[in-house]
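Working notes, structure below.
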Amino acid sequence: MSMRIGIGYDIHRLVEKRELFLGGIKIPCARGLLGYSDGDVLLHAICDAILGACGGGDIGTCFPDTAAEFKDIKSAILLQRAYKAMADTVGCKIVNIDTIVVCDEPRLEKYKRKIQISISEILRIEKEKINIKAKSTEKTSTDTISSYAVVLVENR
């Protein structure tokens, strides 16, 4: 067996009249993330990290924003599809996921555990394999939310 690592990143603008989804859960906020899908930057970053670790390209190539089937799709579905494809074709198994969500609003401390559970359910892995961190921009970027993810996988 061999180990491989992947890194993911995503950023979206906060806009009015959109719901906010992070880590597959809806979070109360006056603004949501603008995106072709539901805009969940955390799941997008994890998706990219999984694809990268398994040599599967990136989220934009696998799920292009030019395809009607992905318009307003839940990012949880994209993440499930990406992981299933990598598990089936390459034989990757997630060892652990480490993430950072960067935003000034909303404050995420009270949501981190719910996000961890949501991601574990989406990927059907133990929640202990998932770490969620939240950081502020110190008011340097109040109109965006970004996320970073690192995924370690083991090839079976």
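The values are calculated or read from the model by the stated rules, or taken from the named source; none is laboratory data. What you are looking at is a predicted structure, and each value in this text was computed from that prediction instead of being measured. Backbone-built Cβ (ideal geometry, glycine too); neighbour counts: all protein chains shown.
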Could you tell me whether any residue of region 120-130 is buried (at least 20 other Cβ atoms within 10 Å of the Cβ) and part of a strand (DSSP E or B)? yes
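Hey, does region 71-90 have a residue that's surrounded by fewer than 19 Cβ atoms within 10 Å (Cβ to Cβ), in contact (Cβ under 8 Å) with a residue 60 or more places away in the chain and of a type in the set (Lys, Arg)? Show your work before the answer.
Keep residues of region 71-90 that are surrounded by fewer than 19 Cβ atoms within 10 Å (Cβ to Cβ), which gives 71-74, 77, 80-81, 84-85, 87-90.
From what is left, the residues that are in contact (Cβ under 8 Å) with a residue 60 or more places away in the chain are 90.
From what is left, the residues that are of a type in the set (Lys, Arg) are none.
Taking every residue of region 71-90 in turn, none turns out to be surrounded by fewer than 19 Cβ atoms within 10 Å (Cβ to Cβ), in contact (Cβ under 8 Å) with a residue 60 or more places away in the chain and of a type in the set (Lys, Arg).
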A careful count of residues in region 131-156 that are within 22 Å of Arg18 (Cα to Cα), in contact with a Lys or Arg (Cβ under 7 Å, 6 or more places away or on another chain) and either assigned to a strand (DSSP E or B) or of a type in the set (Val, Ile, Thr) (or both) gives 2
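Are any residues in region 1-48 of a type in the set (Val, Ile, Thr) and not in a strand (DSSP E or B), and if so, which ones? If you could, list the steps in order and put the result at the bottom.
If we filter region 1-48 for residues that are of a type in the set (Val, Ile, Thr), which is where we start, we get 5, 7, 11, 15, 25, 27, 41, 46.
Passing the criteria: Val41, Ile46.
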How many of the residues making up region 38-57 are modelled with pLDDT of 95 or more and on the phi > 0 side of the Ramachandran plot? 1
Out of curiosity, is Tyr111 more than 11 Å from the chain's Cα centre (by Cα) and of a type in the set (Phe, Trp, Tyr)? yes
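Over 11 Å from the mean Cα position of the chain (by Cα), charged (D, E, K, R), surrounded by 14 or more Cβ atoms within 10 Å (Cβ to Cβ) and over 17 Å from Val153 (Cα atoms): is that true of Arg31 in this structure?
On the way: over 11 Å from the mean Cα position of the chain (by Cα): yes; charged (D, E, K, R): yes; surrounded by 14 or more Cβ atoms within 10 Å (Cβ to Cβ): yes; over 17 Å from Val153 (Cα atoms): yes.
Yes; evaluated as a whole, the condition is true for this residue.
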Selected residue [in contact with a Ser or Thr (Cβ under 9 Å, 6 or more places away or on another chain), farther than 19 Å from Val153 by Cβ and in a loop (DSSP other than H, G, I, E, B)] from Ile77, Ile73: Ile73
For region 34-54, which positions are free of Cβ contacts under 8 Å to residues at least 40 places away in the same chain and closer than 22 Å to Asn155 by Cα? Cys47
